[in-house]
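Here is the structure we will look at.
The values are calculated or read from the model by the stated rules, or taken from the named source; none is laboratory data. In this text, all values refer to a predicted model and were calculated from it rather than measured experimentally. Every residue, glycine among them, receives a Cβ derived from its backbone with ideal geometry; neighbour counts consider all protein chains shown. The area values use the complete protein model at the heavy-atom level, side chains included, leaving out ligands, DNA and RNA. Shrake-Rupley method; radii C 1.70, N 1.55, O 1.52, S 1.80 Å.
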Amino acid sequence: MSVSIESKIGVLLDDPKTKAILEMHVPGLSTHPQIAFAREMTLRAVIPFSAGAVTEEKVLSVQTALAELG
């Protein structure tokens, strides 16, 4: 399965490898109390709702890490 920052957060969280990448770059994302609401969104789409927890820089870091998965 090919994943990217355009993938839904739920898809990324459901795979242990991509979940680890998200947690490395956005610590606590998978356990956030409102993560159920964000599962159908992309990482970039949650930026305005994240109170600074998700930034464009973090999204780009996740993109780089996901690309390295192949």
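Share of carbon and sulfur in the accessible area of the chain stands at 59%, probe radius 1.4 Å.
Length available on full extension from residue 69 to residue 3: 0.36 nm per residue minus the Cα-Cα distance, which gives 22.9 nm. With the simple model of a label 7 Å out from the Cα in the direction of the Cβ, residue 60 to residue 32 spans 2.0 nm.
The angle separating the long axis of helix 16-25 from the principal Cα axis of greatest extent in the chain is about 60 degrees. Expressed as an acute angle from 0 to 90° and rounded to the nearest 10, what is the orientation of the C-alpha long axis of helix 56-69 relative to the principal long axis of the chain? The angle comes out at about 30 degrees. Building the convex hull from the alpha-carbon atoms of the chain and averaging its projection over directions returns 4.1 nm². Which of 67, 49, 25 sits farthest toward the positive end of the charge dipole of the chain, with +1 on the Cβ of Lys and Arg and -1 on the Cβ of Asp and Glu? The one lying farthest along the dipole's positive direction is 49.
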